[in-house]
Amino acid sequence: MTILVTGKNGQLGSELQALAKAFPKYQFLFTDKESLDVTKEKAVEDFFRTHNFDALINCAAYTDVDKAEAEPELANAVNHLALGYLAKACKEHQVKLIHISTDYVFDGTATTPYLETDSTNPQSVYGQSKLDGELLMKLVNPAHSIIIRTSWLYSVYGSNFVKTMMGYGKEKDVLHVVNDQLGSPTYAADLAKAIVDILPQLNTSVVETYHYANTGSCTWYEFAHTIFEMKAVDGEVKPIPTSEYPTPAQRPQYSVLNTNKIQSVFNIKIPPWTQSLKHSLDSFTETTGS
Ligand SMILES: NC(=O)c1ccc[n+]([C@@H]2O[C@H](COP(=O)([O-])OP(=O)(O)OC[C@H]3O[C@@H](n4cnc5c(N)ncnc54)[C@H](OP(=O)(O)O)[C@@H]3O)[C@@H](O)[C@H]2O)c1
């Protein structure tokens, strides 16, 4: 099987590149914005016409949640309209599409983990653009294709909360972190592995949605505190309410995802977030030497 991965230099794209080396039974094609800009319909059509592949993992996305409030057209182009071009091309060329979406499609008013069937109600431009992308993909309906919603992604690659916290730990004595938003940190390497495991099992005629996040949940404060503890960082973390850390985009107060469906349908076991964090911090040490 040959697999195209778009957005190769992002967190998930980079984890898939790292994983590809350990999966010699698959051929991988990796593209970035320069080699395949997913917002350009003709470029997408041309790429599909001139390359042979069986599956596409779409890691291309506009992910700056706060900046999206000021750049709604760009967020919409990448997260929504591009899905139409990719899904249409996948349908025409019988390519399976695995698309990644987000917990931010929910409004955060739930008190128990969100099911795939729960009502969506995004509170931000980013969340709306991701939901619109999901809906467009479902409308085009390429065969053997799925949407995977994930949450609070981090990796040794790219920018993310874990890296930010480790940087702060070196620079600041007291760090204030929001303690009233609850979610599930997800190690992008775990998600990458799950996607590659799931790929050969896809056989649905209608686009299905799944939730993938490391199990368990925490607040951003608890996440930061755990990173500091595991890395034995000297700095102090203090909890604050969201009201004391205003951001341009509103985030859901609760965005824990129920992952039973993906685990049972594809027979995969998702590790707890603390276990994956510990494992990833070891990789940070190996990669950065810090
Ligand atoms: N990060 C999170 O916390 C989080 C949480 C929930 C869901 N997700 C979803 O998970 C997926 C992967 O996220 P991630 O954190 O790996 O994202 P990421 O690190 O921001 O990577 C996204 C990649 O897409 C590329 N890209 C942007 N516009 C493009 C275009 N027009 N054509 C082709 N490539 C383009 C970016 O390139 P440039 O850097 O050059 O722009 C970047 O390499 C996304 O769908 C995201 O919405 C992420």
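The values are calculated or read from the model by the stated rules, or taken from the named source; none is laboratory data. Not measured: the values here are computed from a predicted model. Here the Cβ is made from the backbone with ideal geometry for all residues, glycine too, and neighbour counts use every protein chain on show. The protein model used for the area step is the full one, side chains on, heavy atoms only, and it has no ligands, DNA or RNA in it. Shrake-Rupley method; radii C 1.70, N 1.55, O 1.52, S 1.80 Å.
Values computed for the structure shown
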read-out	value
Candidates Thr31, Thr50, filtered to the one that is out of contact with any Phe, Trp or Tyr (no Cβ under 9 Å at 6 or more places or on another chain) and β-branched (Val, Ile, Thr)	Thr50
Extreme residue, farthest from the ligand (Cβ to nearest atom), among residues of the range 70-113 that are open to solvent by less than 60 Å² (accessible area, probe 1.4 Å) and of a type in the set (S, T, N, Q)	Asn76
Selected residue (criterion: surrounded by the fewest Cβ atoms within 10 Å (Cβ to Cβ)) from residues of the range 126-135 that are over 14 Å from Asp107 (Cβ atoms) and within 14 Å of the ligand (Cβ to nearest atom)	Asp132
Unmet criterion (only one of (1) more than 10 Å from the ligand (Cβ to nearest atom); (2) without any contact (Cβ under 8 Å) to a residue 60 or more places away in the chain; (3) surrounded by 19 or more Cβ atoms within 10 Å (Cβ to Cβ)) for Ile146	(2)
Residue match in the range 78-88 (condition: out of contact with any Lys or Arg (no Cβ under 8 Å at 6 or more places or on another chain), under 19 Å from Ile148 (Cα atoms) and either of a type in the set (Lys, Arg) or not in a helix (DSSP H, G or I) (or both))	yes
Tabulated pairs, the range 219-235, first touching a residue at least 40 places away in the same chain (Cβ under 8 Å) and over 11 Å from Met165 (Cβ atoms), second open to solvent by less than 50 Å² (accessible area, probe 1.4 Å) and assigned to a helix (DSSP H, G or I), C-beta under 9 angstrom, 6+ apart or interchain	Asp234/Gly169; Asp234/Phe228
The range 114-125, subset free of Cβ contacts under 8 Å to residues at least 40 places away in the same chain and not hydroxyl-bearing (Ser, Thr, Tyr), residue surrounded by the most Cβ atoms within 10 Å (Cβ to Cβ)	Pro122
Residue check, Tyr62 within 10 Å of the ligand (Cβ to nearest atom) and in a loop (DSSP other than H, G, I, E, B)	yes
Selection within the range 127-177 - touching a helix residue (DSSP H, G or I) at 6+ places or on another chain (Cβ under 6 Å), part of a helix (DSSP H, G or I) and within 19 Å of Asn79 (Cα to Cα)	Gly127, Ser129, Lys130, Leu131, Asp132, Gly133, Leu136, Met137, Val140
Of the criteria (1) surrounded by fewer than 23 Cβ atoms within 10 Å (Cβ to Cβ); (2) within 16 Å of the ligand (Cβ to nearest atom); (3) under 21 Å from Glu229 (Cα atoms); (4) modelled with pLDDT under 95, which one Leu182 fails	(4)
Which listed residue, of Val38, Val5, is assigned to a loop (DSSP other than H, G, I, E, B), buried (at least 22 other Cβ atoms within 10 Å of the Cβ), within 16 Å of the ligand (Cβ to nearest atom) and modelled with pLDDT of 95 or more	Val38
Among the candidates Ala18, Ala43, Ala22, residue that is open to solvent by less than 80 Å² (accessible area, probe 1.4 Å) and modelled with pLDDT under 95	Ala22
One residue from Val206, Val196, Val233 being surrounded by 17 or more Cβ atoms within 10 Å (Cβ to Cβ) and assigned to a loop (DSSP other than H, G, I, E, B)	Val233
Val44 vs. criteria under 15 Å from Lys88 (Cα atoms) and within 9 Å of the ligand (Cβ to nearest atom)	no
Residues that are among the aliphatic types (A, V, I, L, M) and open to solvent by less than 40 Å² (accessible area, probe 1.4 Å), drawn from the range 149-161	Val156
